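Worksheet for the structure shown next.
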Amino acid sequence: MNFAFQVVTIWDLFRLSLRIYVTHFVPVTLMTALMLAPCIILGVSGFFGPEMIVFFLSERMIEAVMTLGIIALGLRPVFPVTRLFQTMKSSLFFSSMHIAIIQYLIFATGMMGLFVSSFPINVVIVTLWISSIIFFSLAQPIFITEGLRSFQALNRSLQIIRPLFARVFLIVMVIKFLQVVLPTLMTLILLPENAIPVAENPDEMMKALTEFLQNPDVLWSIRLSQYTTSLFLAPFSAIVFSLLCLNLLNIQGQLNMERFIRIGTFLQGLDLPPESPDASQESASDNSEQS
């Protein structure tokens, strides 16, 4: 699991993430497309509300898939799309979805607090909401790396982020900035000519904005930019969070290498390496010393 030891600075993290993403671009993009397929089907069918919810859940679950891929790449430089897809059809899929649903409920609560509550309650809710986005950002990688589920994964994410909050905050803000700016720019490029609403007073602006959001061409532009950017940005962001999780665990001396080898060998279709007597004796002595 040499990826965990190659990250020293934030620049190292993004550079290594980009290198992994570019090297395995085709299988990573293919896996992302498979994960986003249910959202696209819902959107084409006209179920726009459920589409947004499933889209949020899919992006979170992509983080779990990419963490599995990173662990597999630590043993062999092949991104195992077939094994990953088979794995996501197991109980792991439902456990990852459970965590994603909790993350969505926290996100939705923050959004409601922003628009429904009055000052100063809305400020408190939004502050807690933004903090949760940062502190719980590694819940999916934690689920894969340590096998913790549900609220345990969220709590563990908070524990490993808290000592290095400034580092994680900067990384999460960069990712969120890209996730907002890139789709917005692409939407502006794809919008029909003269589609942006212009009005002289607030009442006319609200009416123009409503018509703007109901325009089929506008909705098509928004949806196309959303899925196009997500197809390429979501796996990169997931790789960043996966490497960040491994890096934080390494800094805190809590990497479970035995678990990583077991996961990696399964995903790559390899046999577990035989354990030498010396290694087993050293492991036993280490366990006795820790106890």
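Give region 92-115 a look and list any residue that's at pLDDT below 90 and of a type in the set (Val, Ile, Thr), or say none.
Those that are at pLDDT below 90 and of a type in the set (Val, Ile, Thr): ILE106, THR109.
PRO77: closer than 20 Å to HIS24 by Cα and surrounded by fewer than 17 Cβ atoms within 10 Å (Cβ to Cβ), yes or no?
Yes; evaluated as a whole, the condition is true for this residue.
Can you give me the number of residues within region 216-252 that are out of contact with any Ser or Thr (no Cβ under 8 Å at 6 or more places or on another chain), over 22 Å from MET173 (Cα atoms) and open to solvent by less than 30 Å² (accessible area, probe 1.4 Å)?
Counting residues in region 216-252 that are out of contact with any Ser or Thr (no Cβ under 8 Å at 6 or more places or on another chain), over 22 Å from MET173 (Cα atoms) and open to solvent by less than 30 Å² (accessible area, probe 1.4 Å) gives 1.
So which residues in region 26-57 are under 13 Å from the mean Cα position of the chain (by Cα) and open to solvent by 10 Å² or more (accessible area, probe 1.4 Å), if there are any at all?
Within region 26-57, MET35, PHE55, PHE56, LEU57 meet the criteria.
Hey, can you tell me all the residues within region 114-158 that are in a loop (DSSP other than H, G, I, E, B) and either surrounded by 14 or more Cβ atoms within 10 Å (Cβ to Cβ) or not polar (S, T, N, Q) (or both)?
Matches in region 114-158: VAL116, SER117, PHE119, PRO120, PHE136, SER137, LEU138, GLY147, LEU148, ARG149.
Within the set of pairs 6+ apart or on separate chains, which have a first residue in region 173-189 that is in contact (Cβ under 8 Å) with a residue 60 or more places away in the chain, a second that is assigned to a helix (DSSP H, G or I), and C-beta atoms under 7 Å apart?
Close Cβ pairs satisfying both conditions: ILE175/SER237; ILE175/VAL240.
Provide a single number: the residues in region 51-110 that are of a type in the set (S, T, N, Q) and within 14 Å of THR32 (Cα to Cα).
So the answer is 3.
So is ARG83 open to solvent by 60 Å² or more (accessible area, probe 1.4 Å), out of contact with any His (no Cβ under 8 Å at 6 or more places or on another chain), closer than 27 Å to ILE20 by Cα and assigned to a helix (DSSP H, G or I) or not?
yes
Is it the case, given these coordinates, that ILE106 is surrounded by fewer than 18 Cβ atoms within 10 Å (Cβ to Cβ) and more than 21 Å from MET173 (Cβ to Cβ)?
no
Taking the options SER96, SER90, name whichever one is open to solvent by less than 60 Å² (accessible area, probe 1.4 Å) and in contact with an Asp or Glu (Cβ under 9 Å, 6 or more places away or on another chain).
Of the residues listed, the single one that is open to solvent by less than 60 Å² (accessible area, probe 1.4 Å) and in contact with an Asp or Glu (Cβ under 9 Å, 6 or more places away or on another chain) is SER96.
Against the definition (at pLDDT below 80, surrounded by 14 or more Cβ atoms within 10 Å (Cβ to Cβ) and assigned to a helix (DSSP H, G or I)), how does PHE212 come out, yes or no?
In short, yes.
Only residues that are among the β-branched types (Val, Ile, Thr) and either in contact with a Leu (Cβ under 6 Å, 6 or more places away or on another chain) or within 19 Å of VAL28 (Cβ to Cβ) (or both): list them for region 80-125, please.
Passing the criteria: VAL81, THR82, THR87.
The values are calculated or read from the model by the stated rules, or taken from the named source; none is laboratory data. Keep in mind it's a predicted model, so treat the numbers as computed, not measured. Every residue, glycine as well, gets a Cβ built from its backbone with ideal geometry; the counts of neighbours run over all protein chains shown. Note: areas computed on protein heavy atoms with side chains; ligands, DNA, RNA excluded. Shrake-Rupley method; radii C 1.70, N 1.55, O 1.52, S 1.80 Å.
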